[in-house]
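The values are calculated or read from the model by the stated rules, or taken from the named source; none is laboratory data. The structure presented is a predicted model; accordingly, all values stated were derived computationally and were not measured. No Cβ is skipped: glycine too gets one built from the backbone with ideal geometry, and neighbour counts run over all protein chains shown.
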Amino acid sequence: MQPSEAPIQRYDWPGALVAVASALLALYVLRESAGFSLFGSVFPRAVAFAMLALAAALLVRTAIRKVPASAIRSLTRANWRTAGLIAVVACWMLLVRFAGFYPASVFGFLAAGALARHTPWTLRELGIHALVSVVTVSAFYAFFAYGLSVRF
Amino acid sequence: MLDFVLSALTPLNLFLAIVSVVAGVVIGAIPGLTATMAIAVLTPFTFTMAPEAALITLAGIYMGAIYGGCFAAILVNTPGTPSSIATTFDGFPMAKRGQGQLAVNIATLASVFGGVFSVIVLLLLSPPLARVALAFGPPEYFWLAVLGLALVASLSEGQLLKGLLGACLGLLVAFVGSAVIGGDMRFTFDQPALVGGVNVVVALIGLFCIPVVLDLITRRDHHLHVPEEPASAREELGAAVGILASQKVNLVRSASIGTLVGALPAAGGAIGSLLAYSEARRNARNPEDYGKGEPGGIVASEAANNGTVGGGFIPTLVLGIPGTPPDAIILGALMVHGVRIGPNLFAEHGDIVYTFIFGLLIATILMLPVGLLVGRYAFRLIANIQKTALIPGILLMTILGTYAIHASFADVLMMLSLGFVAWVLTKAGFAIAPIVLGVVLGPIAEQGFVQSWLIGNAAGNIPAVFFGRPISIGIIVLIVLGLLWPVYLSFKKRKPNTSRSVSNAAL
Amino acid sequence: MKTLTKMTCAAAFGLAAAFSGPAMAADWPDQDVTYIIPFNPGGESDVTARMQEPFFAKITGKKFMFDYIVGAGGAAGWSQINSLPADGSTIMGVNTPHIFLQPQGGNVGYETDDINVVYIYQITPFALIVPADSPIETLEDYIAKAKAQPGAITVGGTGTNSAPNVAQVAFDAAAGITTTYIPFSGTSAVSAALLGNQVQAQWGFTTVGVNQGDEVRMLAVAMDERHPLFPDVPTFKEKGIDLVDGARRGVIVPADTPEETRQQMSDVFAEINRDPEMQKMMEEAGYVLLNVPYSEMDAYLAGLSENYEHVAELLGLNQ
């Protein structure tokens, strides 16, 4: 008889990290709200105290209880595509500052779409995607700028 | 009365009703575009129309947009408008399971029911309901917000600590900006852009959309499960009707909650649907299924949010006090048309008002075929679209939509930053819904609390203000029931086990 | 049938404008003017600006193109005005006491001196309002009740350090009483609170009296003489309290706009206000026309500034 495999248990360190960050945020809120008027500070201080209590409780729980490693692994799985997308969006925002909304959006659409595909690209498919990008972005941009009179 | 129905059915008014509803649905479906924005943009075009035509157009857009929000909520887990937040709780899980078409159909039917219900109430019960709405004061608003926040506890089964912590984080976001009470500049880091606070829609888009997109890009397969053999349109519709028939009580209760909350000035559509969802869950036979793809959740959320549209017109038309932000714009449009708003509106301009109400009724009924048609194509579109277009498409819509709110680039940066933080939090096991509840309900809870305190302080009796008013007591009872019910249920479930183990041990 | 009349009017204006040159030999405007409203569409600032439109078209033959920059109670727009084109093509609405009080509360993106006002065209006078069924029937009742129980009277208003707040502290100081001010997030919230008897009174404006009609009773208005729409409502002055104030609305331009253009703008707005139809429309909505031309602006604003310095002290803004 084979012994049943017990799932590997790990400590919930992401949860603990957030608990610590929340506690620090709460302390900051407490310090800032000391300068507020009475009524402007009531709620923020109440929430900050609640956060401290909750963060402490969460820290204790993550120290005591273990969770299945699969839960944490799947939670923390973020591969290079995710990092790539974050970088693309960051570039998109920078480009808006320097090149304007429209060009930046075309770039963003193109790059984000390129990242989204898990199978390799052929040149033809890439070309179609570039065309789709320009058309889609133009359509949306026109709708917003002229249909909704948004100032760009 | 009959001649008002007839004047609502003129070809021009009918045409406007259809066009405005369709436009509203499309606008509501795009994350970042809200009903308020659509109405604001289109109001000037209505100045050349007759007053009742203008009203029908604007109200049609409003009703359509509130309904349209369900598409993005169900198919992409992003509320198209704040009123559709609760639709994501069950709509998206259903879509992931392959029941997306069914979910959209249910949302359509529920929305039309809620809308028609509220317009009929508007027609028949406006004056008494307006008085009831006035009886809600700061304490009632505070307790309503608490009732909504208590939903956090029920949504966070098993992860109560993280849920509550998330709600606190959401509340903090709501505190940024110039405080209504006290006037302090809070947490603005000396940035003029933050003086107005964090716009709810901006926070909503960021908190919901960005984690979805960042998650989508890691998957190979499509996020929506499309069934191998999709059912025919008639079968899907039949199934949806069947579900609604089994949810009659939920349907009527949610539509009522939506109508009433819409009639409360300073409440709004989001709170209506959240409260209806909370109550539906509490009264259901299977509360544990809520949040995992229970159709009743969609019924509650969508019936209530369209209910707020008709409900919002009650104080607007009876008292000249707008029930929801789009109503304020519509009132302004009425003033430009030379219509004297205020308590004499029904008396002085009864013809305009009644024609408008019937026109709105017709537009809402028209939402049914429009919705079913659009729903079918929307579902097919999102289900079949390539990821290479879907992911950048969502990003583009959210960025443009956020920018369009106040033509502010700072808003876009805020949206992305909040979204990034939310994504990090989901990696640590936190859910988005509690954070959003904090953001939406925070201002109402805080203002209600401090205003009540000031009123109670002036009267020299603070506890009486919070605990001594009949409506407040009713809401507090609901809160206590809502918090205790799951405890009682789990207690009941354990009892048979203990008696069984005792009898086993005895053997 | 009203539509037909309106459309005929519009057509008539259009034809008249096309066929006649501008009524005055002015260089401004030489194109349609972008009129930016720093508040939500449909709000009072929007509505009053739109009231000026047909008269502007009649006088100059050009149109207003309305645009909105919304946020932070007007600060979003006012902090951006000086970066907009200064060739006379762009103007923006402005409100007092906002531009005096907002910068004192923190960094809102502009200072009062950054704002260049060319004309102030209306004032919406303060009014002290109670529900129609309130036991408080006159201003004397109100003051007596407040003196008997200091702080017991709850009076609502929109926002803190805002116009209604100004009215409350100024009146309380002048009358020697204490009342509790309850801030609300918007006009609809405070109106609902008043009608529902959640608060006992409201610091609002004459427009509230128009909009809520018989549901409310105005105890007094902050004007020199009684408002034509409300001949039975006394002024604070009559009752011995020197409170003549309200929310003023005007027009501002980017800082680099040339002097000559500003003067011409001022003249056009003055002419708009002279039109009897305009006067009637404003009055019927509860507003009071005001005429502060560009030539008198500096002195006028200095006077207002001094007044609001004093109010700011009462509000606790000057630390």
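With the structure loaded, tell me whether residue C:274 is farther than 10 Å from residue C:119 by Cβ, among the basic types (Lys, Arg) and crowded, with 20+ Cβ neighbours inside 10 Å or whether it fails that test. Write out each step before concluding.
Numbers: farther than 10 Å from residue C:119 by Cβ: yes; among the basic types (Lys, Arg): yes; crowded, with 20+ Cβ neighbours inside 10 Å: no.
Here the answer is no, as residue C:274 does not meet what is asked.
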- Message: Condition first: more than 9 Å from chain A (Cβ to nearest Cβ) and out of contact with any helix residue (DSSP H, G or I) (no Cβ under 6 Å at 6 or more places or on another chain). Now tell me which residues in region B:384-404 satisfy that.
- Response: B:384, B:385
- Task: Kindly indicate whether residue C:87 is more than 26 Å from residue C:227 (Cβ to Cβ), in the same structural domain as residue C:262 (by TED's automatic domain parsing) and assigned to a helix (DSSP H, G or I).
- Result: no
- Item | Sole residue being among the β-branched types (Val, Ile, Thr) and in a loop (DSSP other than H, G, I, E, B), chosen from B:88, B:108, B:78 | B:78
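Quick one: which of B:193, B:153 is of a type in the set (Gly, Ala, Ser), outside any loop (DSSP other than H, G, I, E, B), touching a residue at least 60 places away in the same chain (Cβ under 8 Å) and within 12 Å of chain C (Cβ to nearest Cβ)? Don't jump to the end; show me each part of the working.
Values: B:153 fails: within 12 Å of chain C (Cβ to nearest Cβ).
After ruling out the rest, the residue left standing is B:193.
Considering only residues that are more than 9 Å from chain A (Cβ to nearest Cβ) and surrounded by fewer than 24 Cβ atoms within 10 Å (Cβ to Cβ), look in region B:175-184 and name the one that is nearest to residue A:13 (Cα to Cα). Working first, answer last.
Of all residues in region B:175-184, those more than 9 Å from chain A (Cβ to nearest Cβ) come to B:176-178, B:180.
If we keep only those that are surrounded by fewer than 24 Cβ atoms within 10 Å (Cβ to Cβ) too, we end up with B:176-177, B:180.
Working: B:176: 29, B:177: 33, B:180: 39 Å.
The extreme case among them is B:176.
State whether one or more residues within region A:117-131 are among the hydrophobic types (A, V, I, L, M, F, W, C), closer than 23 Å to residue B:404 by Cβ and touching a residue at least 12 places away in the same chain (Cβ under 8 Å).
In the first step, residues of region A:117-131 are kept if they are among the hydrophobic types (A, V, I, L, M, F, W, C); the result is A:121, A:123, A:126, A:128, A:130-131.
Those still in the list that are closer than 23 Å to residue B:404 by Cβ too: none.
Checked against the condition, which is being among the hydrophobic types (A, V, I, L, M, F, W, C), closer than 23 Å to residue B:404 by Cβ and touching a residue at least 12 places away in the same chain (Cβ under 8 Å), region A:117-131 yields no hits at all.
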- Would you be able to tell me the number of residues in region C:57-73 that are out of contact with any strand residue (DSSP E or B) (no Cβ under 6 Å at 6 or more places or on another chain) and either on the phi > 0 side of the Ramachandran plot or not basic (Lys, Arg) (or both)? 8
- Residues that are part of a strand (DSSP E or B) and within 8 Å of chain B (Cβ to nearest Cβ), drawn from region C:182-206: C:182, C:183, C:184
- For residue C:188, all conditions in the list (1) in contact with a Gly (Cβ under 6 Å, 6 or more places away or on another chain); (2) surrounded by 23 or more Cβ atoms within 10 Å (Cβ to Cβ); (3) of a type outside the set (D, E, K, R) hold save one; what is the number of the exception? (1)
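Take the residues in region B:196-226 that are assigned to a helix (DSSP H, G or I) and not hydrophobic (A, V, I, L, M, F, W, C), then tell me which one is modelled with the lowest pLDDT.
Here the answer is B:215.
Do the conditions hold for residue B:467, that is, is it more than 29 Å from residue C:154 (Cα to Cα) and modelled with pLDDT of 70 or more?
Criteria not met by residue B:467.
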- Message: Between B:365, B:382, which is assigned to a helix (DSSP H, G or I), touching a residue at least 60 places away in the same chain (Cβ under 8 Å) and within 30 Å of residue A:81 (Cα to Cα)?
- Response: B:382
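With respect to residue C:141, is the statement that it is acidic (Asp, Glu) and within 14 Å of chain B (Cβ to nearest Cβ) true? Steps first, answer last, please.
On the way: acidic (Asp, Glu): yes; within 14 Å of chain B (Cβ to nearest Cβ): no.
Here the answer is no, as residue C:141 does not meet what is asked.
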- Note on the structure: Counting only residues in region C:27-71 that are farther than 27 Å from residue C:109 by Cβ and polar (S, T, N, Q), the one nearest to the other protein chains (Cβ to nearest Cβ) is identified as C:31
- Query: Would a scan of region B:265-282 turn up a residue that is within 14 Å of chain C (Cβ to nearest Cβ), farther than 28 Å from residue B:487 by Cβ and touching a Leu at 6+ places or on another chain (Cβ under 8 Å)?
  - Reply: yes
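Between B:242, B:238, B:258, which is closer than 17 Å to residue B:108 by Cβ and under 20 Å from the mean Cα position of the chain (by Cα)?
On the way: B:242 fails: under 20 Å from the mean Cα position of the chain (by Cα); B:238 fails: under 20 Å from the mean Cα position of the chain (by Cα).
Step by step, each of B:242, B:238, B:258 is checked, and only B:258 is closer than 17 Å to residue B:108 by Cβ and under 20 Å from the mean Cα position of the chain (by Cα).
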- Message: Quick test of your reading of the structure: residue B:429 fulfils all but one of (1) outside any helix (DSSP H, G or I); (2) within 22 Å of the chain's Cα centre (by Cα). Name the failing condition by number.
- Response: (2)
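Hey, could you check region C:72-88 for residues that are of a type in the set (Gly, Ala, Ser) and free of Cβ contacts under 8 Å to residues at least 60 places away in the same chain and say which is nearest to the other protein chains (Cβ to nearest Cβ)? Break it down stepwise before answering.
Within region C:72-88, the first condition is being of a type in the set (Gly, Ala, Ser), and the residues that meet it are C:72-77, C:79, C:83, C:86, C:88.
Then keep just the ones that are free of Cβ contacts under 8 Å to residues at least 60 places away in the same chain; that gives C:72, C:74-77, C:79.
On the way: C:72: 4, C:74: 10, C:75: 6, C:76: 6, C:77: 10, C:79: 5 Å.
Only one residue fits best here, namely C:72.
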- Message: Being of a type outside the set (D, E, K, R) and under 23 Å from residue B:1 (Cβ atoms) is the requirement here; does residue B:139 meet it?
- Response: no
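Condition check ((1) among the small types (Gly, Ala, Ser); (2) modelled with pLDDT under 85; (3) at positive phi) across all residues:
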| residue | (1), (2), (3) |
| --- | --- |
| A:112 | yes, no, no |
| A:121 | no, yes, no |
| A:124 | no, no, no |
| A:141 | no, no, no |
| A:149 | yes, yes, yes |
| A:152 | no, yes, no |
- Message: Which count do you get for residues in region B:432-462 that are within 23 Å of the chain's Cα centre (by Cα) and away from chain A (no Cβ under 11 Å)?
- Response: 10
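Being surrounded by 15 or more Cβ atoms within 10 Å (Cβ to Cβ) and either within 7 Å of another protein chain (Cβ to nearest Cβ) or outside any helix (DSSP H, G or I) (or both): is that true of residue A:106 here?
no
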- Item | Of all residues making up region A:6-55, the number that are more than 9 Å from every other protein chain (Cβ to nearest Cβ), part of a loop (DSSP other than H, G, I, E, B) and within 24 Å of residue C:184 (Cα to Cα) | 1
- Message: Residues that are free of Cβ contacts under 8 Å to residues at least 40 places away in the same chain, surrounded by fewer than 16 Cβ atoms within 10 Å (Cβ to Cβ) and outside any helix (DSSP H, G or I): does region C:96-109 have at least one?
- Response: no
- Task: Filter region C:149-181 down to the residues that are among the polar types (S, T, N, Q) and assigned to a helix (DSSP H, G or I), then identify the one that is nearest to the other protein chains (Cβ to nearest Cβ).
- Result: C:165
- Item | Among (1) crowded, with 24+ Cβ neighbours inside 10 Å; (2) under 20 Å from residue C:41 (Cβ atoms); (3) touching a Ser or Thr at 6+ places or on another chain (Cβ under 8 Å), the one test that residue B:38 misses | (3)
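Residue by residue, here is whether (1) under 17 Å from residue C:191 (Cβ atoms); (2) at pLDDT 90 or above; (3) facing chain C (nearest Cβ under 10 Å); (4) part of a loop (DSSP other than H, G, I, E, B) holds:
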| position | (1), (2), (3), (4) |
| --- | --- |
| B:307 | no, yes, no, no |
| B:310 | no, yes, no, no |
| B:322 | yes, no, yes, yes |
| B:343 | yes, no, yes, yes |
| B:346 | no, no, no, no |
| B:356 | no, no, no, no |
| B:359 | no, no, no, no |
- Can you tell me which of B:318, B:299 is away from chain C (no Cβ under 14 Å), of a type outside the set (Ser, Thr, Tyr) and under 22 Å from residue B:66 (Cβ atoms)? B:299
